[in-house]
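K.L.:
First the structure, which I've put down as structure tokens, then a few questions once you've had a look.
Every number here is computed from the coordinates shown, using simple stated rules; none is lab data. The structure displayed is predicted, hence computed values, not measured ones. With ideal geometry, Cβ positions are generated from the backbone for all residues, glycine too; neighbour counts draw on all protein chains shown.
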Amino acid sequence: MLSFRARLALLILAVLAASPAFAAYAHHHTSGSRSRTLHKTASRSHRLHGQQAIEPARVTEIQQALIREHYLNGEANGKWDSTTEAAMQKFQADQGWQTKLMPDSRALKKLGLGPDYSTAINAQGSSFAAPPPASTIPTPQTEGFAAAAGVSR
């Protein structure tokens, strides 16, 4: 059986033998991953995100809508210039919306330039199509709706 001093000496030797290997691994791992992480985030932060410019055909549509709504004078030229930008900002401000340098989607919809779903594959049976006349709904179905709503006929 080992004495207390012998066990203590073995424990200290084991700790001393393991600590350089652990320290080298931890130091290498930490410093390497940190430098790679800093390098990656620095390069990502300089990338531009989102749409950077509006195509001339779309600018012409926006200008025509702003002219129609009396926010822009003159003719549509397809260039997103300071006059067009000021007219769009005034339009958005008059609606109570945030004025941005690029048009807001709500503003485009309000100007009638939102997405057109009329040619979508499911447009005929969707809410974009007119509802069928009430006379075409079968009587059992109508009675079922009335019963579910608690309405007596």
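K.L.:
Counting only Cα, what are the radius of gyration and maximum Cα-Cα distance Dmax of the stretch 56-110, in Å?
P.N.:
Answer for the stretch 56-110, Rg first and Dmax second: 9.9, 27 Å.
K.L.:
Within the stretch 66-112, report the GluC sites (Glu not before Pro) that DSSP leaves as loop and that have at most 13 other Cβ atoms within 10 Å.
P.N.:
Values: sites: Glu69, Glu75, Glu85; in loops: Glu69, Glu75.
Here the GluC sites (Glu not before Pro) that fit, given the DSSP loop and packing criteria, are Glu75.
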